[in-house]
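The values are calculated or read from the model by the stated rules, or taken from the named source; none is laboratory data. Here the structure is a predicted model, which is why all the values come from computation and not from measurement. Heads up, the Cβs are rebuilt from the backbone with ideal geometry, glycines too, and the neighbour counts pull from every protein chain shown. All accessible areas refer to the heavy atoms of the entire protein, side chains included, with ligands and DNA or RNA removed. Shrake-Rupley method; radii C 1.70, N 1.55, O 1.52, S 1.80 Å.
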Amino acid sequence: MDTPTQPSNGLGSQTWEYLSYIGVAALPPRTSPFDPGYDPLTVEHHLAQSAHLMSALKLSMACWQVANEEATRRKISAAQRCRVPVCTGGGPYEIASALGALPQYLDLCAKLGVTRVEAGAGFTEQQLEPAEVVRMARSRGLEVQFEIGDKHAGAFTDETVQQLVDQGRRWLDAGAVKIVVEARESANDVGLFNARGEFNGRFAERLARAYGMEATVFEAPNKASQFALLTHFGPDVQLGNVRLEELLRVEIYRRGLHSDAFRHQHLRPRGPAARKANG
């Protein structure tokens, strides 16, 4: 029996058997929640509850650099036990690169046990070519993802989208595993969202076509942005910058189990009759 992605605890699950019965699609994890500085116990408990729904756990901003290091290591170890990749945010990368300390920063990330670093040029000038950054990271056992979009330049325009398409392709060609589309913590007057928080689906589709859906992660830091992206693209869209406490709400919307999602035919469960008809 195909069932939606569920916790790998070796136990039977009546809830997931029920979801399979009503036709909820079996989905791989497609949301990367972020940790803006939660305490280790909170992160551990969210992993226990929702690790099976996480494509990665992002240590956001530079908070992890000023927190007690043992607390940071505890979070990373908890994610590793749950087989959830850990990614650092782009801000620390940009600062390290601008200050000429990128090798030391990558050394630190590797020693802490993270899986991936996020590169970007959202508030600094890129100092190195993509291929050189990827080479440096890989030599330390690290993956790279790249975040496109300026943090302070407002919403995308036709011209900036074309520039970002070209930039993202260069990083993918160099070996980056994901391209992340900037939306900061507000999804307001930044990236795909205008000053009223309205989502630009046309621009989003251009980016998704350029990189492919499997390589594109759209930041969605609030309810409006999360629902807009899921409604537009459907359940396969990858989301990032989702707060840990909002992850389950995102995932019920993704599966058509939220009242707002149930109205949309491409999100709502197929129902038992459709499941039987399909064998």
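Can you find a residue that is open to solvent by 40 Å² or more (accessible area, probe 1.4 Å), of a type in the set (Asp, Glu) and at pLDDT 95 or above anywhere in the stretch 32-41?
The answer is yes; a qualifying residue exists.
Run ALA121 past the list (1) over 17 Å from the mean Cα position of the chain (by Cα); (2) open to solvent by 20 Å² or more (accessible area, probe 1.4 Å); (3) at pLDDT 95 or above and report the number of the one that doesn't hold.
Of the numbered conditions (1) over 17 Å from the mean Cα position of the chain (by Cα); (2) open to solvent by 20 Å² or more (accessible area, probe 1.4 Å); (3) at pLDDT 95 or above, the odd one out for ALA121 is (3).
Could you tell me which residue of the stretch 18-31 is nearest to GLY90 (Cα to Cα), considering only residues that are under 27 Å from the mean Cα position of the chain (by Cα) and open to solvent by 20 Å² or more (accessible area, probe 1.4 Å)?
From the stretch 18-31, those under 27 Å from the mean Cα position of the chain (by Cα) are 19-20, 23-31; that's our starting set.
If we keep only those that are open to solvent by 20 Å² or more (accessible area, probe 1.4 Å) too, we end up with 19, 25-26, 28-30.
Values: LEU19: 37, ALA25: 33, ALA26: 31, PRO28: 25, PRO29: 22, ARG30: 20 Å.
Only one residue fits best here, namely ARG30.
Assess whether VAL133 counts as being at negative phi, modelled with pLDDT of 95 or more and assigned to a loop (DSSP other than H, G, I, E, B). It would help to see each step written out before you state the result.
Values: at negative phi: yes; modelled with pLDDT of 95 or more: yes; assigned to a loop (DSSP other than H, G, I, E, B): no.
Criteria not met by VAL133.
Looking at (1) in a loop (DSSP other than H, G, I, E, B); (2) over 17 Å from the mean Cα position of the chain (by Cα), which is the one condition that is false for ARG209?
ARG209 satisfies all of (1) in a loop (DSSP other than H, G, I, E, B); (2) over 17 Å from the mean Cα position of the chain (by Cα) except (1).
Please go through the stretch 93-114 and give me each residue that is surrounded by 19 or more Cβ atoms within 10 Å (Cβ to Cβ) and under 20 Å from the mean Cα position of the chain (by Cα), ordered by number. Write out each step before concluding.
Here is the first cut: in the stretch 93-114, the residues surrounded by 19 or more Cβ atoms within 10 Å (Cβ to Cβ) are 93-94, 96-97, 102, 105-106, 109, 114.
Passing the criteria: TYR93, GLU94, CYS109, VAL114.
I'd like to know if the stretch 173-186 contains one or more residues that are under 20 Å from SER32 (Cα atoms), hydroxyl-bearing (Ser, Thr, Tyr) and either at pLDDT 95 or above or buried (at least 18 other Cβ atoms within 10 Å of the Cβ) (or both).
Within the stretch 173-186 (the criterion being under 20 Å from SER32 (Cα atoms), hydroxyl-bearing (Ser, Thr, Tyr) and either at pLDDT 95 or above or buried (at least 18 other Cβ atoms within 10 Å of the Cβ) (or both)), the answer is no, since none of the residues qualifies.
Quick grid of which residues meet (1) closer than 20 Å to GLN6 by Cβ; (2) modelled with pLDDT of 95 or more; (3) of a type in the set (Val, Ile, Thr); (4) open to solvent by less than 60 Å² (accessible area, probe 1.4 Å):
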{"site": "GLU205", "(1), (2), (3), (4)": "no, yes, no, no"}
{"site": "VAL217", "(1), (2), (3), (4)": "no, yes, yes, yes"}
{"site": "GLN238", "(1), (2), (3), (4)": "yes, yes, no, yes"}
{"site": "ALA274", "(1), (2), (3), (4)": "no, no, no, yes"}
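Taking only the stretch 258-267 into account, find how many residues are open to solvent by 70 Å² or more (accessible area, probe 1.4 Å) and either in a helix (DSSP H, G or I) or of a type in the set (A, V, I, L, M, F, W, C) (or both).
So the answer is 2.
For the stretch 138-150, which residues satisfy the criterion of being touching a Gly at 6+ places or on another chain (Cβ under 9 Å) and either in contact (Cβ under 8 Å) with a residue 60 or more places away in the chain or open to solvent by less than 40 Å² (accessible area, probe 1.4 Å) (or both)? Before you say what the answer is, go through the steps one by one.
First pass over the stretch 138-150, keeping only residues touching a Gly at 6+ places or on another chain (Cβ under 9 Å): 138, 143-150.
Of everything in the stretch 138-150, those that are touching a Gly at 6+ places or on another chain (Cβ under 9 Å) and either in contact (Cβ under 8 Å) with a residue 60 or more places away in the chain or open to solvent by less than 40 Å² (accessible area, probe 1.4 Å) (or both) turn out to be VAL144, GLN145, PHE146, GLU147, ILE148, GLY149.
Kindly provide the set of residues from the stretch 86-127 that are among the hydrophobic types (A, V, I, L, M, F, W, C), more than 22 Å from ASP166 (Cα to Cα) and either in contact with a Ser or Thr (Cβ under 7 Å, 6 or more places away or on another chain) or in contact (Cβ under 8 Å) with a residue 12 or more places away in the chain (or both), ordered by number.
So in the stretch 86-127, the residues among the hydrophobic types (A, V, I, L, M, F, W, C) come out as 86-87, 95-96, 98-99, 101-102, 106, 108-110, 112, 114, 117, 119, 121, 123.
From what's left, more than 22 Å from ASP166 (Cα to Cα): 86-87, 95-96, 98-99, 101-102, 106, 108-110, 112, 114.
If the condition is that a residue be among the hydrophobic types (A, V, I, L, M, F, W, C), more than 22 Å from ASP166 (Cα to Cα) and either in contact with a Ser or Thr (Cβ under 7 Å, 6 or more places away or on another chain) or in contact (Cβ under 8 Å) with a residue 12 or more places away in the chain (or both), then VAL86, CYS87, ILE95, ALA98, LEU102, LEU106, CYS109, ALA110, LEU112, VAL114 are the ones that fit.
List every residue pair whose Cβ atoms sit under 7 Å apart, with the two residues 6 or more apart in sequence or on different chains, where the first one lies in the stretch 59-85 and is within 23 Å of ALA119 (Cβ to Cβ) and the second, anywhere, is among the polar types (S, T, N, Q) and modelled with pLDDT of 95 or more.
The qualifying pairs are LEU59/THR88; TRP64/THR72; PRO85/THR115.
For the stretch 167-206, name all the residues that are within 17 Å of HIS232 (Cα to Cα), under 17 Å from the mean Cα position of the chain (by Cα) and part of a loop (DSSP other than H, G, I, E, B).
ALA183, ALA187, LEU192
Which pairs do you get when a residue that is within 14 Å of ALA79 (Cβ to Cβ), found in the stretch 24-46, comes within reach of a residue that is in a strand (DSSP E or B) and open to solvent by 20 Å² or more (accessible area, probe 1.4 Å), reach meaning Cβ atoms under 8 angstrom, with the pair 6+ apart or on two chains?
Within 8 Å, the pairs are PRO33/ARG243; PHE34/ARG243.
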